[in-house]
Amino acid sequence: ELKVEQNPLFLSMQEGKNYTIYCNYSTTSDRLYWYRQDPGKSLESLFVLLSNGAVKQEGRLMASLDTKARLSTLHITAAVHDLSATYFCAVDMSSFSGGGADGLTFGKGTHLIIQP
Amino acid sequence: DAGVIQSPRHEVTEMGQEVTLRCKPISGHDYLFWYRQTMMRGLELLIYFNNNVPIDDSGMPEDRFSAKMPNASFSTLKIQPSEPRDSAVYFCASTGASNEQFFGPGTRLTVL
């Protein structure tokens, strides 16, 4: 059974600071996804990481994937209040199912609060 | 593109009633997924389809749950009979060649 663990689950930080969210998963996979969810809203796709060593950046967010360590990180640089949200990582086994899409297994999410 | 469309956005029903949730995927996407989100269990995959065919329904909690995809632009998730523990937000998502899943706005279901 594929398990995905995120830490921390709750994070309160000040604007301007840097921090990293970690995502570990239990089974070999080279496909990892990061989503953002605002309260009462849907999930917004942030990053799709499809190979070992993949690194993607968008604004103050940067995501990386180490498939050997089964670890992905989401790094926040110089946080601003607008980044307050819940961040989910998710993994699928699609690379082992002929390359087609597969259902996602999600972590519990990291509830991030950024205070002025 | 309008994105993934779900209806209704909110549903309040009484225990024992039948509930039908609807989803229209993004045009051209050949995969459709149904997920459920609760505080206790987080986000869970219920079932997914490829080219209208169910591929994995192992996440469907009980026989009370059923899902269909009669054509490429429409899917339903039905709960009959509904129970209070079915209260959750149900999301539909779709994807194509990129494997990046795009989520709909969700249906918030409350079973009294």
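Give a residue-ordered list of calculated ³J(HN,Hα) values for region A:16-27 (Karplus: 6.51 cos²θ - 1.76 cosθ + 1.60, θ = phi - 60°; whole Hz; x for Gly, Pro).
x, 8, 10, 7, 10, 9, 10, 9, 10, 9, 8, 10
Would you be so kind as to list the residues of region B:66-109 that have their accessible area lowered by at least 50 Å² in the full protein complex compared with their chain by itself (1.4 Å probe)?
Residues of region B:66-109 that lose at least 50 Å² of accessible area once the other chains are added: B:N99, B:E100, B:Q101, B:F103.
Note down the Stokes-Einstein diffusion coefficient of the protein assembly as shown in µm²/s, whole number, using a Kirkwood radius over alpha carbon pairs, 4 °C, and 1.567 mPa s.
The Stokes-Einstein estimate is 71 µm²/s.
Just to confirm, what accessible area per residue do you get for region B:10-112 at 1.4 Å probe, in whole Å²?
Working: 4970 Å² over 103 residues.
I get 48 Å² per residue for this part.
If you rank B:V111, A:V55 by how much accessible surface each has, with a 1.4 Å probe, what is the order from largest down?
Output order, biggest surface exposure first: A:V55, B:V111.
Which whole-Hz ³J(HN,Hα) couplings does region B:44-59 yield from phi under the Karplus relation 6.51 cos²θ - 1.76 cosθ + 1.60, θ = phi - 60°, glycine and proline marked x?
So the Karplus estimates, Gly and Pro as x, are 10, 6, 9, 7, 9, 10, 10, 6, 6, 9, x, 9, 9, 10, 5, x Hz.
In nm, what is the difference between 0.36 nm times the number of residues separating B:D63 and B:S98 and their Cα-Cα distance? Present the calculation step by step, with values, prior to reporting the outcome.
Details: separation 35, 0.36 × 35 = 12.60 nm, distance 3.23 nm.
Gain in length upon complete extension: 9.4 nm.
Any idea of the total accessible area buried by the A-B contact, 1.4 Å probe, rounded to 100 Å²? Write out the running numbers ahead of the final one.
On the way: alone 6360 and 6270 Å², together 11180 Å².
Buried surface at the A/B interface: approximately 1500 Å².
If you take the C-alpha gyration tensor of chain B, multiply each eigenvalue by 5 and take the square root, what semi-axes do you get, largest first, in whole Å?
On the way: eigenvalues 102, 38, 33 Å².
After scaling each eigenvalue by five and taking roots: 23, 14, 13 Å.
Take each of the peptides B:86-92, B:30-36, average the number of other beta-carbon atoms within 10 Å over its residues, and list them starting from the highest.
Top of the packing list down: B:30-36, B:86-92.
Within chain A, what whole-number % of the accessible surface is contributed by carbon and sulfur, with the 1.4 Å probe and all protein chains included in the calculation?
50 percent
Highest GNM mean-square fluctuation, chain A, Cα pairs closer than 10 Å: which of A:K41, A:K17, A:K56?
Looking only at A:K41, A:K17, A:K56, the largest GNM fluctuation is found for A:K41.
Pop a pseudo-label 7 angstrom from the Cα along the beta-carbon direction at both B:V53 and B:E83 and give the gap in nm to one decimal.
Output for this residue pair reads 3.3 nm.
Using Cα pairs closer than 8 Å and at least 6 residues apart in sequence, work out the relative contact order for chain B, in percent. Walk me through the numbers before you get to the answer.
On the way: 281 pairs, mean separation 41.6, N = 112.
Averaging sequence separation for qualifying contacts and normalising by length gives 37 percent for chain B.
The values are calculated or read from the model by the stated rules, or taken from the named source; none is laboratory data. Bear in mind that the values here come from a model prediction, so they are computed numbers and not experimental data. Every residue, glycine as well, gets a Cβ built from its backbone with ideal geometry; the counts of neighbours run over all protein chains shown. Only protein heavy atoms, including side chains, enter the accessible area calculation; ligands, DNA and RNA are left aside. Shrake-Rupley method; radii C 1.70, N 1.55, O 1.52, S 1.80 Å.
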